[in-house]
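Engineer: Quick one: this structure, given as structure tokens, is what I'll be asking you about.
The values are calculated or read from the model by the stated rules, or taken from the named source; none is laboratory data. A quick note: this is a predicted structure, and the numbers were derived from the prediction, not measured. Quick reminder, even Gly has a Cβ in these numbers, built from the backbone with ideal geometry, and neighbours come from all protein chains shown.
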Amino acid sequence: MFAAQNRAKLYTLFSAFGIALFLLGVSLGFQAGADTPPPSPAQPPAEAAAPQTPPPSAEPVAAARVDAIGQAGIHPQADVVIETAFGSCGHICSRQGEGVVGCTQSDLNERFPDYAIEEFNKDKVVLRQQKPGYCPAHLILTMAEGKTVIMQTDAQTLQSERIIDPAWDISGADAALVKQLEAGIAFDELAQIDEFIENLES
Ligand SMILES: [Zn+2]
């Protein structure tokens, strides 16, 4: 009898405690809900998309994946594509690989040490290199020795080259813009760069 009474007391205690916890939870939940700010409006876009330096290219992981295909050389009918992926714009430039018929994967790794073998089969072989910067489709307004220059990646060598040295007066640019310029701002056409500079001077 005594034990039963105690048990009943205990149950009452537990359920009271449970209700208290529940109420606490509800009020906390409500509190948290009330504190949550309303969904913020979309972040204003950055003034200009500053080109970002891509992280160093990943190790060629594909090589391991294609090892299973075997060590046969490149088939004479295979379509061999050599790609360069540019980190800043994400574009890929490709050219036909020549003089590689019969090459095995390890031959390719030796001849193209900077390239990962993305695909290697009877019909198709794809080698890909990751490169920082922009592909040849863009004109990059940037700074060299404190002056404005326009750079472009050469379609043959895939190296960034200085194509015009306009040395514009950008004294009107604020520090943030100068920083962007130093990193390089990509344009599609010269006319757009002219417009950009005109706006800067006005
Ligand atoms: Zn590009």
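Engineer: Being out of contact with any strand residue (DSSP E or B) (no Cβ under 8 Å at 6 or more places or on another chain), modelled with pLDDT of 50 or more and not charged (D, E, K, R) narrows it down to one of GLY102, GLY133, so name that one.
Structural biologist: Numbers: GLY133 fails: out of contact with any strand residue (DSSP E or B) (no Cβ under 8 Å at 6 or more places or on another chain).
Result: GLY102 is the single residue among GLY102, GLY133 that is out of contact with any strand residue (DSSP E or B) (no Cβ under 8 Å at 6 or more places or on another chain), modelled with pLDDT of 50 or more and not charged (D, E, K, R).
Engineer: For region 132-149, indicate whether the set of residues that are more than 19 Å from LYS179 (Cα to Cα), away from the ligand (no atom under 16 Å from the Cβ) and surrounded by fewer than 19 Cβ atoms within 10 Å (Cβ to Cβ) is non-empty.
Structural biologist: No, that holds for no residue.
Engineer: A further question follows. I need a count of the residues in region 174-189 that are closer than 17 Å to LYS147 by Cα and surrounded by 12 or more Cβ atoms within 10 Å (Cβ to Cβ). Before the answer, list the steps.
Structural biologist: Quick first cut of region 174-189, residues closer than 17 Å to LYS147 by Cα only: 174-186.
From what is left, the residues that are surrounded by 12 or more Cβ atoms within 10 Å (Cβ to Cβ) are 176-186.
So the count comes out to 11.
Engineer: Criterion first (in contact with a strand residue (DSSP E or B) (Cβ under 7 Å, 6 or more places away or on another chain), among the β-branched types (Val, Ile, Thr), at pLDDT below 95 and surrounded by fewer than 18 Cβ atoms within 10 Å (Cβ to Cβ)) does ILE92 satisfy it?
Structural biologist: Numbers: in contact with a strand residue (DSSP E or B) (Cβ under 7 Å, 6 or more places away or on another chain): yes; among the β-branched types (Val, Ile, Thr): yes; at pLDDT below 95: no; surrounded by fewer than 18 Cβ atoms within 10 Å (Cβ to Cβ): yes.
So ILE92 does not fit the description; no.
Engineer: For region 162-192, give me each residue that is within 16 Å of the ligand (Cβ to nearest atom) and more than 23 Å from the chain's Cα centre (by Cα).
Structural biologist: ILE163, GLU189, GLN192
Engineer: Something else now. What strands (runs of 3 or more DSSP E) lie completely within region 106-202 and have 1 or more residues being among the acidic types (Asp, Glu)? First the steps, then the outcome.
Structural biologist: On the way: elements: 116-120, 124-131, 139-144, 147-153, 160-164, 185-187.
Filter on region 106-202 gives 116-120, 160-164.
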